[in-house]
Every structure is written in structure tokens, then in C-alpha cells.
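Here's the structure we're looking at; comments come further down.
The values are calculated or read from the model by the stated rules, or taken from the named source; none is laboratory data. As the structure is a computational prediction, the values presented were derived from the model and not from experiment. Methodologically, a virtual Cβ is constructed for each residue, glycine included, from the backbone with ideal geometry; neighbour enumeration extends over all protein chains shown. Surface areas here come from the heavy atoms of the whole protein model, side chains and all, with no ligands, DNA or RNA. Shrake-Rupley method; radii C 1.70, N 1.55, O 1.52, S 1.80 Å.
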Amino acid sequence: MTTETLPSLPTIGPLLARAALTARGRRGSEVPGRTLRVENVRVDRHRLAAYQRLTGYAVSDAVPQPYPWVLAFAVQCELMTRPDFPLALPGMVHLENRVTTHRTLDAADPLTLSVTAGSLQPHRRGRTLDVRLEAQVGEDLVWECDSVYLSRGHGTDDAPRGDTAPDAPAGPATVVWRLPDDLGREYAAVSGDVNPIHLHPLAARAMGFRRHIAHGMWTYARTLAALGRTSLGPSTSRVWFTKPVFLPSSVELVRATTAGGDVAALRSRKDPSTTHLVLSLEA
Amino acid sequence: MTTHRRAAVLGGNRIPFARQFGPYAEASNQDMLTAALEGLVARHGLAGERLGEVVAGAVIKHSRDFNLTREAVLGSSLSPDTPAYDVQQACGTGLEAAVLVANKIALGQADSGIAGGVDSASDAPIVVPERLRRKLLRLNRAKTAAERAKAAVTIRPTDLGVQVPANTEPRTGMSMGQHMALTAERWGVTREAQDELALASHQNLAAAYDAGFFDDLMTPYLGLTRDQNLRADTTIEKLGSLRTVFGDGPGATMTAGNSTPLTDGASAVLLGSQEWAEEHGLKPLAWFVDGETAAVDYVSGDEGLLMAPAYAVPRMLARQGLTLQDFDLYEIHEAFAATVLSTMKAWEDEEFCRERLGLDAPLGSIDRDTLNVTGSSLAAGHPFAATGGRILATLAKLLHEKGSGARGLVSICAAGGQGVVAILEAA
């Protein structure tokens, strides 16, 4: 395992271009044991305010739980476009995410972000990759996140399943959101995630999708924000992305409070049997 | 008349005030009010608590913010079962909200409540010109294609445009500063006296910060930890060098230094009955003794726009059997330095007190060392509806420090020729 400290956050655009150009040649079953880290990452308050407005958080100093993931996205891209990385970044699908916040993150905190690629696992529809993100303030680990991505390809039918998502709460919708056609472009502007599958129907079709889809991290953040202030403090949220949200569309939030915390799901308004994500939150 | 129970001021919280288009330029009224509220909730351990009510408002408000205060409550850690409503009485909003909450507590209709206010001069609603608005509504009402076409062709390129709210009295077309300049001239308020008051405001506010006075009255917000408008190092020379911005000719006295700037900010004050405070382990800082509102006819020119508190105070004093000198501390909102000085001159003026207030003798003067002792709006800034909460929390804490029985007077002028005043007494 090697740790490499980058001088600053990389620029995402060129990395995604490189990822697209080098996608075809990538193969192998070994993920290099490598951690990339960036020190002294400062939150740009204008970008944070734009993110907060778009995801339904109040504009404040409290950094939303998914936001360090957004900050570290460029570092993830850098890691996954290294020549020895076995998987192609374009077309990779975000399946799951678990985030723990150890203390409320303040926008003034200088963060040290690190990204570590974990192992490859067989999956019914290809292979999954675990990626671990950490945020430190000084020596303190304040935030940690484990993401699971699917690299689509030849699947293994008898692959062991990971943790399955809890059942989506039944019952009536508590909130309805009409997601506009340009939501992906709006979110790309505040998050830097300019993956073409979120931007335009034609670009998405070229990547094998029927239409362009909402960023999973937007649907996750919007759902968390709707659950109140809990996730701004010490807490753990888990999300399972089950079906993409095509744009434009209407989605509805269903939620339930259990002994272990809140469970929420986002489902299609037109077809409530389609669940887009399931989320659990405990403090 | 004091058969009902008393309402206590238990604490307050605000975010530092920022200059227009400063660090809060992208924060909405709801964002700022939520931040002020959440800080108050955190400091007093009110998370999950159902309060009697939360009352607040904003002077410059988007039409979508019809339930601004309720939305802020829902965005806070208070129990979602806490009701809320909006009030709006121009710059008197925050204090009027406190009068309403205190009255409900006094009457036993509520045991606790939060009064607050917020204003953004940066995130202002933009509206289309009135003529265009009417034509668009007509177009919207049209049922047939012919009606729609007829309505559409009436829209001319010259109708297009946007309007931002201005600090102007609708009935007179004059800005608040222009109105104030008339009053300042009427009372012969000098440039020097105004600059001295402004200097004292900055010096007092800076000293209060240095002494840590605001540590338990404020939550940092968007990187600000102090009021952005504060100029701790300003001097009488610097203030004297500014050009005048309101009033005409050589007699003009009002500058950007002795007038409050446009500001963004929010404040909130926690009130409750003595029993409720005890149950929640909170200590009353001051009792909310009384409040009074007044209005004057500024439209005909009979009285100055910002002179209503000069009328409200003597009415409240008479009701309470107090004189103007029966107070340990005075908080007179510095809309302009000239507002404070004109009001005090009026109270000292025998003719005004006899003919306008119907008193046998002038109310007299107040000791300047007891006026706005931790600074006021000239230094802190003045996000219209947030000023009442700032003053109430400050005065309640100051009185509490002075000790039981200490009395304080609050006076806040408001647009529309209105004024809200109140009396606090240390608990």
C-alpha cells in the first residue's frame, strides 16, 4: 500500500476525458494498493451555498454529510484514471454508500481528504469495487465513507450478495419532487461531476442509457436533507441506489421511523413500484 | 393592572450582521432566520422542544416566503409541533413580535415563545414593473385565442424591466434618509453631534466585543464572527471627512457614517413564564414589563417620519407611572444618528412636550452614558426586522448584569411613521 499526497485537488474535466480515452484498454483483476490524499482542502463557500440550495439544505456553515464525497470526487477520478487501474471509469455505476460523520463539519475546517481503492468482488452484473474516503481535520478522523461501484461486464451468477437494502417503507408519499430536465446539468455545475450520462439524453444514450439520469449523489443528498438536521451532526447514513432516476420525472419520498433510526426511500411517482433508492439514517 | 403573570426574556441569539452584498449575499431570509433560531435552540437546550409559538418576520420578503417563520422552525431542531407566524411592522417587526409573544405568555395563552426577525438587503425579490404585471395577469385570464392575442399585443418593449425594492416611503416618494434630513433640520441637529453619536456607537460595540459580551448572544455564520460594519478604529476626523448623502445644500448633515447601512442578518429572543423557565433550568434575565406602539402623520408633513417613538414613550411612561429618568439603561435604535438626537431633543423641548404630547413639563434629558452602551445600529448595522431582537437580548443581558430591579427602555422607529417601544426590568 502506497500513499501519495497530491499538491491540490485535481481538475475533473481533463480526468474524465482521459478516462474516456483510456477506457477500452483497461483490464486485470488486481487493484493497486494506493491511497491518494490532498491536504488543506478548503470549502469554497459560494460552491457550498449553491450545493446547499440545490439539494435542499439551508445555507449555513454546517457541511452536509454527502459533501466531502463531492469534494473528493476529483481525487477518486484521479485514482481511477491511473494507467494501472483495472476498471474503466465511464459507465461505472454507484451502487451503495455508507457515510459516518463523527462531528459536525464546519465550512471553515481545512480538510485532509484521502481516497483508497479497495478490492474487486464478483457481482451478478460484473464486478464491484470498494472505495474508501476519509476526511480529517488535523489528526482527527471526522468523516468516513465507503462507496461500492459496479463495473458492468460478465457477471457471476452465484456471486455472494452484499448487504441487501432494507425494505422501502410502504405507505403514502410524504414529499413529491418534480425533477427538471436540467437537474443533471445544474448539479454538474455545483459538484463538478460532468459525467455525460447526467447531462443530456443524447450523451446518455451513447453510454447505453435510455435518457439522462439524475446524479445518485443528488438524490441521496436531497433525501437526507428532507430528513432534517440529524445528518448534520454525528450520524451514519447508508444508501442503496436501486434504479436510476430518468430526467425529467417526478419522484416521491416515503419514510418511516424505526428503532434504529429513519428509513426513507425515493420512488417513482408514476410507478410507485419502482424504487430509486433506499436510505437509512441513525444518529 | 399587573394581575397577570410576567413574561421573562430568557436569552437571545443572532448571527453577526453583514453588509449588503457581503458574506451573506447568497443566504436567504429563511437560511439566516434558521441559523439564528438554531443557535438559540442549541444554547438553551431546546432541541425537540415544543414551544408555545415562534413569531418573526422580515421587511423585505419574497412572495414565496408567506410562511417564513414556520419554514424556519421546520428547518430547526425545535419540535415540528411548534406553531409559528409572521409579522411585519417595518423596522419595528422584531420588537412587535416580542410584544405579541410576551402578551400571550402574560395572559397564560402560551408558556414560552421565540420572537425574532430577519432581513436580507442582498437576496431581494425582483419584481416586474406594475404596468407589465397587470398586462401579464390579463393575458393569464384570457380564455380564447383572440383574447390572448389582444392581451399579448398590449405588451410593449418599454414595459419590460425589473424593479428591486427601494427604501422609499410609498406615499411620499422620499427615501427614509430624505425624511430624516427634514426632521434633523427641524430640530437643529448638527453634523458634529451626529458624528459623535456614530463614533460612540462604534467604540461601544467594539469594547463590548472585546469584553466578550456577545459570546453568549451570537452564533458565527458563513465565516463572520463580528458585525461586518463595525469600524473599531474609526475617528471623529474620519467620520467628519465623509460627504453628506441626505439633505440639500450647505445645511446637509447626514453622511454614510452617521446613517445605518443596508445590512443582512437575523436575531431571535427566547421568552417564557417563570415556571416554564424553571422547568427548563433557565434563568430569567429580565421581565418584559410593557410595550407601546405609536404612529404619526408624516404624510401631511405634520410630523417627522421617524418620530413616533417620541409619542409612544410618554404614553407608556404614564401608564407605568414612571418618568423618563427612571431607567438605568436606554436603547434607542440608531436608524440614523439624527433620529436618536431628534427624539431626545423633542423630549427636552417644552413646547413639543406641551403641545404635541399634552404634558405639563418636558420629559427631560437622559444621561448619555446610559444610552446604547454596547453600541447600536450605526455600528452593528440594521437588518430591519432583526434589530428588535438584537436590542432586546442585549438589554436583557445588560440589565441582568446590573442586578435585580434595574430598568431599561427600548425605542425603535419604523417606516410608515411608526414606532415600537418597550420596558424591561432586570429579573
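Other protein chain C-beta atoms within 10 Å of residue C-beta, averaged over B:214-227: 2. Once you list every other residue whose beta carbon is under 9 Å from the beta carbon of A:VAL176, what net charge do they have if Lys and Arg are +1 and Asp and Glu are -1? Combined, the nearby Lys, Arg, Asp and Glu give +1.
Among the listed pairs B:LYS238/B:LYS402; B:LYS104/B:LYS402; B:LYS283/B:LYS402, those whose Cα-Cα separation exceeds 23 Å are B:LYS238/B:LYS402; B:LYS104/B:LYS402.
For region B:206-302, the C-alpha radius of gyration divided by 2.2 N^0.38 Å, with N the number of residues, is 1.62.
The residues of region A:204-238 occluded by other protein chains by 30 Å² or more of accessible area, set against the chain on its own, are A:ARG229; surface from heavy atoms, 1.4 Å probe.
For the peptides B:203-210, A:276-283, the ranking by packing is A:276-283, B:203-210, with the highest mean count of neighbouring Cβ atoms within 10 Å listed first. Using only alpha-carbon positions in chain A, the gyration tensor eigenvalues give semi-axes of 26, 24, 19 Å once each is multiplied by 5 and square-rooted (largest first). At a probe radius of 1.4 angstrom, the accessible area of chain A per residue rounds to 44 square angstrom.
Just so you know, the Rg over Rh for the protein assembly as shown is 1.05, from Cα atoms, with Rh as the Kirkwood radius. Its DSSP H runs of at least 4 residues, each contributing -39,500 (n - 2.57), put the calculated 222 nm mean residue ellipticity of chain A at -6500 deg cm²/dmol, to the nearest 500. Neighbours of A:ARG267, meaning other residues whose beta-carbon lies under 15 angstrom from its beta-carbon, give a summed charge of +3 when Lys and Arg score +1 and Asp and Glu score -1. In region B:20-60, the residues that give up 50 Å² or more of accessible area when the other protein chains are added, compared with the chain on its own (1.4 Å probe), are B:GLU26, B:ASP31.
As a fraction of the 1.4 Å probe accessible area of the protein assembly as shown, surface on carbon and sulfur atoms comes out at 51 percent.
Chain B packed on chain A takes about 800 Å² of accessible surface away from a 1.4 Å probe, both sides summed. Net charge in the neighbourhood of A:ARG103 (other residues with Cβ under 10 Å of its Cβ; Lys, Arg +1, Asp, Glu -1) is -3. Checked against a 21 Å cut-off, the cross-linked pairs B:LYS61/B:LYS135; B:LYS61/B:LYS397; A:LYS243/A:LYS270 give Cα-Cα distances beyond that limit for B:LYS61/B:LYS135; B:LYS61/B:LYS397. Between A:HIS46 and A:ARG98, the modelled labels are 3.9 nm apart [label points 7 Å from Cα along Cα→Cβ]. Pair-distance distribution P(r) for region B:261-340, from all Cα-Cα distances in 10 Å bins starting at 0: 13, 31, 34, 18, 4, 0 percent.
The relative contact order of region A:2-282 comes to 19 percent, based on Cα pairs under 8 Å that sit 6 or more residues apart. Ranked by the mean number of other Cβ atoms within 10 Å of their residues, highest first, the peptides B:16-22, B:408-414, B:235-241 come out as B:408-414, B:16-22, B:235-241.
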